[in-house]
1. Given the condition modelled with pLDDT of 80 or more, over 18 Å from the mean Cα position of the chain (by Cα) and open to solvent by 10 Å² or more (accessible area, probe 1.4 Å), answer yes or no: does some residue in segment 171-179 qualify?
2. Note down all Cβ pairs under 8 Å where the first residue falls in segment 1-24 and is modelled with pLDDT under 75 and among the polar types (S, T, N, Q), the second is in a loop (DSSP other than H, G, I, E, B) and open to solvent by 10 Å² or more (accessible area, probe 1.4 Å), and they're at least six residues apart or on different chains.
3. Out of segment 258-285, which residues are within 19 Å of V237 (Cα to Cα) and surrounded by fewer than 14 Cβ atoms within 10 Å (Cβ to Cβ)?
4. So, restricting to strands (runs of 3 or more DSSP E) that lie completely within segment 110-171, which ones have at least 1 residues that are under 21 Å from K65 (Cβ atoms)?
5. Hey, among K35, K60, which residue is modelled with pLDDT under 50 and either buried (at least 23 other Cβ atoms within 10 Å of the Cβ) or not acidic (D, E) (or both)?
6. Scan segment 218-245 for residues that are of a type outside the set (D, E), at pLDDT 90 or above and surrounded by fewer than 21 Cβ atoms within 10 Å (Cβ to Cβ) and report the count.
7. Out of (1) under 26 Å from K127 (Cα atoms); (2) at pLDDT below 85; (3) outside any helix (DSSP H, G or I); (4) touching a Lys or Arg at 6+ places or on another chain (Cβ under 9 Å), the odd one out for M291 is which?
Amino acid sequence: MTSTARRVTLSVAVVAALTGVAACGSSGSGKGDGKASGDSTVHLSPVAAVLRSVQQSTDKADSAKVRADISMGDVMKLTENGSFDWSDGLKGNVTVDYTGGKMAEMMSKAGGSSMAIRYLQDGYYAKMSDNFARQAGGGKHWIKYDYDYLAKAGGASGVFTKEQLQSSTPNQSVKVLLASGDVKEVGRQTVDGTPTRHYAGTVDVAALAGRTSNLTATQLSELKQQLTKSGITTETVDIWINDQNLLVKQSVKAATANGTLTTTAHYSDYGVPVSAEAPPASDTLDIADMMKSAGVDSPSGGTTSGGTGLTS
């Protein structure tokens, strides 16, 4: 595998992880959502009560169509369109279009500026261009990125990203705001032609990860070091909900060493049927085998950006 092909392969892993998390939630698993175990008399603030209702409504919706825009400094700018189902782990299909930045230039040189991604419970698959398949894939188009391999090779950030992708729902951002304890109602706005209520808050990424993830003390310490290296301290999270207490839009921004990471996702057609299957084995390469043949132990370098697994 050439160095260019290797960089493309690693960048695809980054983008696939990033777009999956961006479409279906912000950092954290949301376990610390303010609910006191075994206490049926917990009194929530009016804002927290609304967000709890949004969390429950979205959980029950099971699926939705998603369109999102993601950018980070001059590194990348891309859009995604697709649908996700979170009724039994995350699965879905999206098309990613690179529209600007260094990553778009690299993908264009590799033979394509658009990529299909399929998300399943055990990993995700990215479809590469015909040119890439001929040059680096032995004629095969799909690359499988197994969550267990990414977690093992990516260190604490890999484990954290695996947790997020396997438990993601659009209401992750709602859970994050509840867990952060810093959320306020901004006002009423019309989004995509729909009247909505706008809520916003600021999240300490490392602190929230400590409260809401299954990371060990050692892994958490490593994650904090990786966040510091990537320039991450806080995220600002904005959500817009409709009169059915369903998310219409969410926006997450975080400063990173590579520029401001901004992800904005729009949701529609809740309950839409979603079908996602693994591509044919005859047209699929495993990332672990590709990295081993290239003499690379880690697919991600172990650094994060915004809790998304994005390499610096």
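1. Yes, because at least one residue in segment 171-179 is modelled with pLDDT of 80 or more, over 18 Å from the mean Cα position of the chain (by Cα) and open to solvent by 10 Å² or more (accessible area, probe 1.4 Å).
2. Qualifying pairs under 8 Å: T2/A136; T4/A110.
3. Let us first name the residues in segment 258-285 that are within 19 Å of V237 (Cα to Cα), namely 259-267.
The one that is within 19 Å of V237 (Cα to Cα) and surrounded by fewer than 14 Cβ atoms within 10 Å (Cβ to Cβ): T260.
4. On the way: elements: 114-120, 123-127, 142-146.
Passing ranges, in order: 114-120, 123-127.
5. Values: K60 fails: modelled with pLDDT under 50.
Only one candidate passes the filter, namely K35.
6. So the answer is 3.
7. With (1) under 26 Å from K127 (Cα atoms); (2) at pLDDT below 85; (3) outside any helix (DSSP H, G or I); (4) touching a Lys or Arg at 6+ places or on another chain (Cβ under 9 Å) applied to M291, the lone miss is (3).
The values are calculated or read from the model by the stated rules, or taken from the named source; none is laboratory data. None of the values given here were measured: they were computed from a predicted structure. Here the Cβ is made from the backbone with ideal geometry for all residues, glycine too, and neighbour counts use every protein chain on show. Only protein heavy atoms, including side chains, enter the accessible area calculation; ligands, DNA and RNA are left aside. Shrake-Rupley method; radii C 1.70, N 1.55, O 1.52, S 1.80 Å.
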